[in-house]
1. List the residue pairs whose Cβ atoms are under 8 Å apart, where the first residue sits in segment 366-388 and is closer than 25 Å to residue 262 by Cα, the second is exposed (fewer than 12 other Cβ atoms within 10 Å of the Cβ) and modelled with pLDDT of 95 or more, and the two are 6 or more positions apart or on different chains.
2. Go through segment 45-95 residue by residue and tally those that are within 24 Å of residue 473 (Cα to Cα) and polar (S, T, N, Q).
3. What number goes with the only condition from (1) outside the structural domain of residue 478 (by TED's automatic domain parsing); (2) assigned to a helix (DSSP H, G or I); (3) among the hydroxyl-bearing types (Ser, Thr, Tyr); (4) crowded, with 19+ Cβ neighbours inside 10 Å that residue 567 does not pass?
4. Counting just the residues of segment 419-441 that are out of contact with any helix residue (DSSP H, G or I) (no Cβ under 6 Å at 6 or more places or on another chain) and either outside the structural domain of residue 280 (by TED's automatic domain parsing) or closer than 15 Å to residue 303 by Cα (or both), which one comes out surrounded by the fewest Cβ atoms within 10 Å (Cβ to Cβ)?
5. May I ask you to list the residues in segment 442-487 that are buried (at least 23 other Cβ atoms within 10 Å of the Cβ), within 13 Å of residue 88 (Cα to Cα) and either assigned by TED's automatic domain parsing to the domain that holds residue 622 or hydrophobic (A, V, I, L, M, F, W, C) (or both)?
6. Suppose we filter 458, 530, 470, 541 for residues that are within 20 Å of residue 590 (Cα to Cα) and hydrophobic (A, V, I, L, M, F, W, C); which single one remains?
7. Does residue 368 satisfy the criteria of being under 30 Å from the mean Cα position of the chain (by Cα), in a loop (DSSP other than H, G, I, E, B) and modelled with pLDDT of 95 or more?
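The values are calculated or read from the model by the stated rules, or taken from the named source; none is laboratory data. Remember, it's a predicted structure, so these values are computed and weren't measured experimentally. Here the Cβ is made from the backbone with ideal geometry for all residues, glycine too, and neighbour counts use every protein chain on show.
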Amino acid sequence: MSTHQYTNDLIHETSAYLLQHAHNPVNWMPWGDAAFQKAKAENKLLLISIGYAACHWCHVMEQESFEDEQVAKVMNQHFVCIKIDREERPDVDQLYMTAVQLMTQRGGWPLNAVALPDGRPIWGGTYFPKNVWMNSLQQIADYHSKYPEKTSEYADKLTEGITQSALIPVTAEVQQIDLPAMRKAVDNWQHHFDLEDGGSKGAPKFMLPVNLQFLLRWAHQEPNAAVETHLLNSLEKMAFGGIYDQVGGGFARYSTDSFWKVPHFEKMLYDNGQLLSLYAQAYRKFGNEMYRQVVRETVDWLKADMLSPENGFYCSLDADSDGIEGKYYVWQQTELQDLIKEEYGLFANYFNVNDNGYWEDGNYILLRRQSDSTFAKIHSLELEQLQLKVARWKSLLRQARNKRVRPGLDDKILTSWNALVVSGLAESFKAFGEHEYLELAEKNMDFLLNKLQTKPGILLHSYKNGQAKIEAFLEDYASMIQALIDLFEVTGKTDYLTQADRFCETCFRDFYDAERTIFYFSREGQTDLISRSIEVQDNVIPASNSIMAHNLVRLGHLTDNHRYPITARAMLLVVSDSVLKYPAGHANWMSLALSFAKELFEVAISGEKAIAISREIQQHYLPNCIFCPGNTEQLPLLYNRVKPGVNQIYVCHNQACRLPVSTVSEALKLIEP
């Protein structure tokens, strides 16, 4: 049994990231009253260090500084040191990220901040080399010891800046977001398109599924050849690139270059849940079989590597294995030759084991440059023949890779990220009709409702080893409501709708600011933060407020609650200035605006075959429709519309319905983009 020279208070935590630091010589404590009281009692500053398990540079800083006894001596002498998993406490992360961005105009992880004992920050940054870190900490401690009044004055000013930063997005000029304004915003956005490699110009390059989902909807409802071409190019280049695991499925977090070749190798659950939705929706629009393959392989990866025995999905896989970034995923040429044998030449052409795929130190990243049909034609192969070869190659490589040291797994289960996967699986079921996808989604939702709901309508944020903890944030409720509505639309099970409405009531009670018509990120009454934040800008995950606004529109129509869509429209208005000025950072809001600017249809499907008919119609890409299938008049959209032995489809808009039709083809003619 291994012994450790040092053990700190993190040993009692469940987070993989916190446990990684439990044997540092630094006297780390978790975020909480014990740390605050210790800082006050000893008159020490707080040193708050924030990261996550899959963060490469977090590991680097730990190895260089936090495992070093000399560094630890400085930290322990002058500070009460707190280590935070940003995925467990996104509210704390947002607070100190805002502080660091105000001080330095940049941010990232690891995120390091120094604060007064009451939590008010006075200094911060991201990654620091060892000597810079030590010198900075010594200077801060010395300055605070000499000039405590000045330090407190600066903390007051910075705290005021943090508070104001939460207000800025929702106090700007109110603008009406109509179609002409949206067209202008999209035209301006196009200047930032990378027309060669897809995504946005520059590096590093993030996939930002919410942006591509909006552009997909925009190209569908406001036909635009340039937007559609960019979207299709982005979807292809991402799936062909090294950012996509060509062997095992699933996407890495981002590309370090501008052409999707070299990823930062960590795989995050939230990316892949959203990318399931994106590729499934794109398949319903364009029918590209490559999108089916991406979904299939990503689901297979989720099942193999990320699914717990209880049907929850784990958070992430690390970028590093055996202490080396990307080692699990890259290949030496001789290794590939030994595995593929006589077909190596064809394999190397297909996966670019050449100058295109070369990375560093003799390692290659597998990537593609052509569709299967094009490659098969060039090499005089039948398409099916090529696909059988590729499947065999991948199987050989997976078997070989499984013998390697695996990347570290962060095995906590987060409510919000799991809900994104439920939505992705529901969208995939709509596109492909694979019952396995729906079964996975429903089992995951059952797990979330049973293990992370403490009492009706109340959620917790994180789960591990049988323990659920941390009060849920708006992102948890918003993502859960979205996933529950998605499941209702494909199953017609009214329990999902009832549960979604219950969570919505919790959001209004505990998170809503009626005066400013927006939701806070954390619950009312939370006492361990100096300021509550408001999340409105869409990022790698859509803003919790933008998800919530969509939920209010959908749920309002399904439950006949007029307050909900009225609130959603008010929310859109208070962020309208930011949305139109920076649409790439507010893509989900742009999608919401489209729901108000163009017709949004309610599709009520009644009868014994309602679910089957609903699934048939939802195989089509219909982003401007809300579906209500069932054989009960309990639902407002089905009231007086259920007739024994008759299956009917009602297409409605603004509470006015066309005459019912009986076939999907007839219904589709009534639904305009």
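1. 370/378
2. Summing the residues that are within 24 Å of residue 473 (Cα to Cα) and polar (S, T, N, Q) in segment 45-95 gives 2.
3. Failing condition for residue 567: (1).
4. 435
5. 472, 473 - these are the residues of segment 442-487 that are buried (at least 23 other Cβ atoms within 10 Å of the Cβ), within 13 Å of residue 88 (Cα to Cα) and either assigned by TED's automatic domain parsing to the domain that holds residue 622 or hydrophobic (A, V, I, L, M, F, W, C) (or both).
6. On the way: 458 fails: within 20 Å of residue 590 (Cα to Cα); 530 fails: within 20 Å of residue 590 (Cα to Cα); 470 fails: within 20 Å of residue 590 (Cα to Cα).
Of 458, 530, 470, 541, the one residue that is within 20 Å of residue 590 (Cα to Cα) and hydrophobic (A, V, I, L, M, F, W, C) is 541.
7. The answer is yes for residue 368.
Conditions tested, residue by residue: (1) modelled with pLDDT of 80 or more; (2) surrounded by 12 or more Cβ atoms within 10 Å (Cβ to Cβ); (3) over 22 Å from residue 96 (Cβ atoms).
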{"site": "137", "(1), (2), (3)": "yes, yes, no"}
{"site": "140", "(1), (2), (3)": "yes, yes, no"}
{"site": "146", "(1), (2), (3)": "yes, no, yes"}
{"site": "150", "(1), (2), (3)": "yes, yes, no"}
{"site": "155", "(1), (2), (3)": "yes, yes, no"}
{"site": "167", "(1), (2), (3)": "no, yes, no"}
{"site": "170", "(1), (2), (3)": "no, yes, no"}
{"site": "173", "(1), (2), (3)": "no, no, yes"}
{"site": "182", "(1), (2), (3)": "yes, yes, yes"}
